[in-house]
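We did not get these values from a lab; they are worked out from the coordinates using the rules stated. On a predicted model such as this, the values are computed, not experimentally measured, just so you know. FYI the Cβ positions are ideal-geometry reconstructions off the backbone, even for glycines, and counts take in every protein chain you see.
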């Protein structure tokens with residue numbers, strides 16, 4: 001693409017990544033969560049692929065490493081579930097409610113939102129966000145590499 | 001009748017997608033039809049759980065004067081819609097990859113011609 | 001033949017929409033009322049949709065993550081470039 005598109009894409013990329021992290025981390029307070037934030041982060045990488053070409057992006061992030069990133073997300077999900085099985089009664093039990101980390105129970109009704117709440121939900125949001133970022137970005141990267149040799 | 005317009009919109013979308021899937025032979029067009037049907041199903045799930053004048057079931061900065069169970073839309077259909085959207089994206093990715101490989105192998109995307117095994 | 005199937009399917013959909021409850025008034029919402037009323041105390045999260053996705057229906061999310069992983073692994077395997 002033209003240098004104008006490349007410059008704007010490089011300039012706006014960190015802001016999209018930060019917005020993706022915001023949506024993932026506030027998934028238990030505001031509309032959003034792991035899936036939506038992960039889709040936003042994957043769209044940032046897709047924007048880089050469109051602007052710079054798939055081969056230049058592949059030098060920085062191979063699809064194997066993106067796939068490993070995705071697998072780590074899935075592993076965190078299952079490990080949190082198994083910890084719930086061991087520490088409490090059942091698989092995926094919300095064992096962090098009432099604990100100091102992420103365990104503050106918000107007051108009933110309308111409240112401004114406490115970031116340190118939600119039990120295991122923020123951890124699972126991060127895990128699913130990693131999964132979606134890695135999965136969608138790797139699929140689009142592989143498809144763009146299979147498409148042809150332009151740029 | 002006039003209050004059920006979202007349901008009839010769902011029906012029209014499903015019929016458009018089914019038409020593309022039944023009467024077209026291009027694999028990419030069939031994938032587009034399947035995606036339209038899937039969007040229609042997501043819209044149907046969301047409209048099933050809508051309550052008259054309800055707000056989203058989120059307590060952060062909730063406007064005052066909302067009755068707690070009755071003034072909010074149902075959360076379970078929205079959660080299942082969220083699951084369905086991500087599964088749809090994954091299935092679309094798999095379908096398009098298979099279409100790319102079929103085009104490379106047979107040189108065509110026509111489903112009638114693909115059926116004939118070449119080599 | 002395909003037209004017959006298409007018309008029968010359309011008739012089925014119209015009949016189902018005619019039999020549905022009116023828009024905006026769900027029939028039975030006891031489960032959703034329980035979740036809306038108790039999600040803050042049981043899962044300590046403000047967002048009831050997220051607490052349904054990750055806590056009440058955690059198994060569904062795990063299965064969905066499995067589907068995502070399988071589909072993406074299949075796409076990567078199918079599109080893996082052959083060294084020429």
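If a residue counts only when it is loosely packed, with under 14 Cβ neighbours inside 10 Å, which helices (runs of 4 or more DSSP H) contained entirely in the stretch A:38-151 have at least 2 such residues? Before you say what the answer is, go through the steps one by one.
Working: elements: A:54-60, A:63-87, A:121-147.
Ranges flagged: A:54-60, A:63-87.
Of all residue pairs spaced 6 or more apart or on separate chains, those with beta-carbon atoms under 6 Å, a first member in the stretch A:97-109 that is more than 7 Å from chain C (Cβ to nearest Cβ) and a second member that is surrounded by 11 or more Cβ atoms within 10 Å (Cβ to Cβ) and not in a loop (DSSP other than H, G, I, E, B) are A:102/A:122.
Taking (1) away from every other protein chain (no Cβ under 12 Å); (2) farther than 21 Å from residue C:78 by Cα; (3) crowded, with 18+ Cβ neighbours inside 10 Å; (4) more than 11 Å from the chain's Cα centre (by Cα) in turn, residue B:112 satisfies each apart from (3).
Selection within the stretch B:71-83: residues that are within 11 Å of chain A (Cβ to nearest Cβ) and touching a residue at least 12 places away in the same chain (Cβ under 8 Å). The member of this set that is surrounded by the most Cβ atoms within 10 Å (Cβ to Cβ) is B:78. Here residue A:136 passes the criteria (1) touching a residue at least 40 places away in the same chain (Cβ under 8 Å); (2) within 30 Å of residue B:64 (Cα to Cα) except the one numbered (2). Report whether or not residue B:39 is crowded, with 19+ Cβ neighbours inside 10 Å and part of a helix (DSSP H, G or I). Spelling it out, it is not the case that residue B:39 is crowded, with 19+ Cβ neighbours inside 10 Å and part of a helix (DSSP H, G or I).
For the residues B:32, B:68, B:87, the requirement of being more than 8 Å from chain C (Cβ to nearest Cβ) and either out of contact with any strand residue (DSSP E or B) (no Cβ under 6 Å at 6 or more places or on another chain) or without any contact (Cβ under 8 Å) to a residue 60 or more places away in the chain (or both) singles out B:32.
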